[in-house]
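A.B. asks: Sending over a structure as structure tokens; questions will come in a sec.
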Amino acid sequence: MVFNSLTFAAFFAIVLMLHAMPLAWTTKKVNLLVARYLFYAAWSPPFVLLLWLSTVVDWWAARRIAQASTPWRRRTWLIASLSVNLGMLGWFKYGEFILGNTQLLAASLGIDYQPPAWDFVLPVGISFYTFATLSYTLDVYLRRTEPCRSLLDFSLFVTFFPHLVAGPIMRASQLLPQFAAPRTASADQLRFGLLLITLGLFQKVVLADGFLSLPADIVFGADRPAGWLDAWIGTLAFGGQIFCDFAGYSTTAIGVALCLGFALPDNFRFPYAAIGFTDFWRRWHVSLSTWLRDYLFIPLGGNRRGAARTALALMLTMLLGGLWHGANWTFVVWGGLHGLFLIAERALRHRYAGYRPGLLASLGLGVLTWLLVNLAWVFFRADSLDRARSLLRGLLGLNAEALPLLACVHVLSVALIVAAIVGAHAWMRSETLESVLARVPAAALATAWALMAFAIIIEQGDGDAFIYFQF
């Protein structure tokens with residue numbers, strides 16, 4: 001079940017109706033839990049068993065960690081939790097990748113190894129709910145939070161359907177306290193939540209799917225090299241598509257939760273207005289970047305043990321962050337590029353510690369950041385390193401014999417939409433969506449809202465899945 005479907009619209013209407021009824025809070029929580037399992041089971045009912053296993057193991061392990069009287073008992077229960085969660089993630093997400101690379105390694109050594117056929121389906125959103133439950137167990141182990149006493153509340157945290165399959169990656173400290181007392185949306189929360197849902201679906205259905213996905217698919221899926229213009233338009237189209245797709249999901253998820261009276265944190269803060277890559281990762285997929293910072297970068301040494309150790313920690317964090325997105329070397333390269341960008345930026349900041357860029361310099365640095373982010377997107381989108389290299393050659397104008405791939409209408413639509421996205425991010429760089437909407441006249445806001453809803457209805461197709469569902 002996806003947000004951009006009539007099935008979800010009917011499902012959500014029923015959930016809202018039940019949540020607004022004068023029922024006991026425990027009954028409402030049970031209703032929400034059942035709704036969340038139904039939401040997830042719409043993809044594949046058997047995978048609900050994985051959710052149950054992850055939920056029960058981490059709830060029990062966290063309680064045992066808190067009750068343990070010796071350090072080795074605490075570590076034993078932590079290892080048990082990590083083994084179950086990372087074991088499931090590794091099996092379903094990386095099993096085929098490991099077997100394929102083992103076969104290549106064996107072949108390079110002259111060994112004819114034929115791995116068994118891998119026909120396991122990747123459970124939707126397994127990376128997201130695994131990271132959410134891992135953060136809870138780790139926080140209990142590190143004494144950052146107390147274990148949850150209620151299995152019902154913890155189950156709600158793990159399976160809360162707005163963020164279940166594609167984030168934001170929630171922390172227990174952000175969501176569990178919200179289940180302690182009855183919550184229903186006020187009129188203002190309901191109105192703003194519905195507006196966020198409309199905005200998120202407009203980004204997904206109209207911009208990402210309606211205008212940007214086709215040019216990106218044509219360029220990245222072509223069976224011949226792309227020329228300079230096609231390569232750039234295809235790359236920029238994907239850069240716009242993945243933002244509108246993923247930010248659209250996060251915005252919709254925040255709106256859905258708000259309509260039920262719950263608050264989810266922002267996951268995107270106008271990232272294409274970033275000045276530098278540290279700034280970019282403070283704005284792009286914020287819940288993942290903070291998770292990687294707190295549970296990988298800092299334990300690896302952070303910035304406390306010298307420049308070389310910091311560079312190593314940054315690179316390892318970004319490589320693992322890239323691999324988290326998918327079992328393909330293209331994702332590893334994407335993460336490695338961002339690691340290099342962060343290391344280079346840190347070295348330059350240290351070298352020119354007293355430098356404060358002016359307006360023009362900041363603009364130039366922002367454009368450079370945006371261009372390098374889009375170059376890295378080539379590896380994120382390409383299905384192989386060979387395809388990525390061909391696209392990079394096209395971006396550099398080295399595919400001289402290439403024939404046109406895109407029609408003029410694609411070139412113009414992508415250019416206009418991407419320019420509008422980047423311009424909006426630059427304008428709202430230091431703003432929040434709430435503060436901007438508060439200044440918009442009611443009539444203008446209502447008109448924009450109606451136009452977005454009309455465009456969604458006109459453009460709505462088959463309810464294409466969000467890109468990040470595959471992760």
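Bear in mind these aren't lab numbers, they're just calculated from the coordinates by the rules spelled out. Given the structure is predicted, the values throughout are model-derived calculations rather than measurements. Note: ideal-geometry Cβ built from the backbone for every residue, glycine included; neighbour counts use all protein chains shown.
A.B. asks: Taking the number of other C-beta atoms within 10 Å as the exposure measure, put 244, 148 in order starting with the fewest. Walk me through the intermediate numbers first.
C.D. replies: Details: 244 27, 148 21.
Sorted ascending by nearby Cβ count, the order is 148, 244.
A.B. asks: Hey, another quick one. Quick check on packing: order 436-442, 203-209, 280-286, 361-367 by the mean number of other C-beta atoms within 10 Å, highest mean leading. The partial results should precede the final answer.
C.D. replies: Details: 436-442: 10.0, 203-209: 25.1, 280-286: 20.7, 361-367: 14.4.
Top of the packing list down: 203-209, 280-286, 361-367, 436-442.
A.B. asks: Take the alpha-carbon centre of region 183-211, take the same for region 71-90, and report the distance between them in whole Å.
C.D. replies: Between the Cα centre of region 183-211 and that of region 71-90, the gap is 38 Å.
A.B. asks: Could you tell me which label, among (1) 22, 56, 22, 1; (2) 18, 36, 30, 14, 2; (3) 17, 39, 26, 13, 5, 0, carries the value of P(r) over Cα pairs in 20 Å bins from 0, in percent calculated for this structure?
C.D. replies: Identified label for the calculated read-out: (1).
A.B. asks: Residue by residue, what Karplus-based ³J(HN,Hα) values in Hz, rounded to whole numbers, does region 289-299 have, using 6.51, -1.76 and 1.60 with θ = phi - 60° and x for Gly and Pro?
C.D. replies: So the Karplus estimates, Gly and Pro as x, are 5, 6, 5, 4, 5, 6, 10, 10, 4, 5, x Hz.
A.B. asks: Residue farthest toward the positive end of the dipole of region 6-184, with Cβ of Lys/Arg at +1 and Asp/Glu at -1: which of 94, 147, 59?
C.D. replies: 147
A.B. asks: About the Cα centre, and with charges only on the beta carbon of Lys, Arg (+1) and Asp, Glu (-1), how big is the dipole of region 140-271? Nearest 20 debye, please. Write out the running numbers ahead of the final one.
C.D. replies: On the way: 9 positive and 9 negative charges, 113 e Å.
In total the dipole reaches around 540 debye.
A.B. asks: Measure off 7 Å from each Cα along the Cα-to-Cβ vector at residue 355 and residue 282, then give the distance between these two points in nanometres to one decimal.
C.D. replies: About 1.9 nm separates the two model spin labels.
A.B. asks: Same structure again: Please give the net charge around residue 15, taking every other residue with its beta carbon less than 11 angstrom from that of residue 15, where Lys and Arg add +1 and Asp and Glu add -1.
C.D. replies: For residues surrounding residue 15, the net value is +2.
A.B. asks: Which of the aspartates and glutamates could a cross-linker bridge to residue 204, judged by Cα under 18 Å and excluding same-chain residues fewer than eight apart?
C.D. replies: 217, 245, 266, 459, 462, 464
A.B. asks: Got a sec? How would 430, 390, 83 order by Cβ neighbour count within 10 Å, fewest to most? Mind dumping the intermediate values first?
C.D. replies: On the way: 430 9, 390 22, 83 12.
Going from least to most buried by this count: 430, 83, 390.
A.B. asks: Step through the residues of region 223-233 one at a time and calculate ³J(HN,Hα) from phi using the Karplus curve (6.51 cos²θ - 1.76 cosθ + 1.60, θ = phi - 60°), rounding each to whole Hz and writing x for Gly and Pro.
C.D. replies: Couplings: 8, 9, x, 9, x, 4, 5, 4, 4, 5, 5 Hz.
A.B. asks: With a point put 7 Å past each Cα toward its Cβ, work out how far residue 412 is from residue 223 in nm, to one decimal.
C.D. replies: Here the answer is 3.1 nm between the modelled labels.
A.B. asks: For the chain, give the magnitude of the charge dipole about the Cα centre (Cβ charges: +1 Lys/Arg, -1 Asp/Glu; no others), in debye to the nearest 20. Please report the intermediate quantities before stating the final value.
C.D. replies: On the way: 34 positive and 25 negative charges, 413 e Å.
Dipole size: approximately 1980 debye.
A.B. asks: Given the C-alpha centroids of region 272-338 and region 439-461, what is the distance between them in whole angstrom?
C.D. replies: 37 Å
A.B. asks: On average over all directions, what projected area in square nanometres does region 6-64 have, based on the convex hull of its Cα atoms?
C.D. replies: Working: hull surface 19.6 nm².
Over every viewing direction, the Cα hull of region 6-64 projects on average to 4.9 nm².
A.B. asks: If each DSSP helix of 4+ residues adds -39,500 (n - 2.57) and the sum is divided by the residues in the chain, what number results at 222 nm, nearest 500 deg cm²/dmol?
C.D. replies: -21500 deg cm²/dmol
A.B. asks: Region 222-242 to region 348-367: how many Å between their Cα centroids?
C.D. replies: Rounded to whole Å, the Cα centres lie 29 Å apart.
A.B. asks: For region 6-184, what is the largest minus smallest coordinate of the Cα atoms on each principal axis, given in angstrom and ordered from greatest to least?
C.D. replies: Over region 6-184, Cα extents along the principal axes are 70, 51, 22 Å.
A.B. asks: Going by average Cβ density within 10 Å per residue, which order do the peptides 101-107, 141-147, 409-415, 191-197 take, highest to lowest?
C.D. replies: Numbers: 101-107: 12.6, 141-147: 15.4, 409-415: 17.0, 191-197: 19.7.
Ranked from most to least packed, the peptides come out as 191-197, 409-415, 141-147, 101-107.
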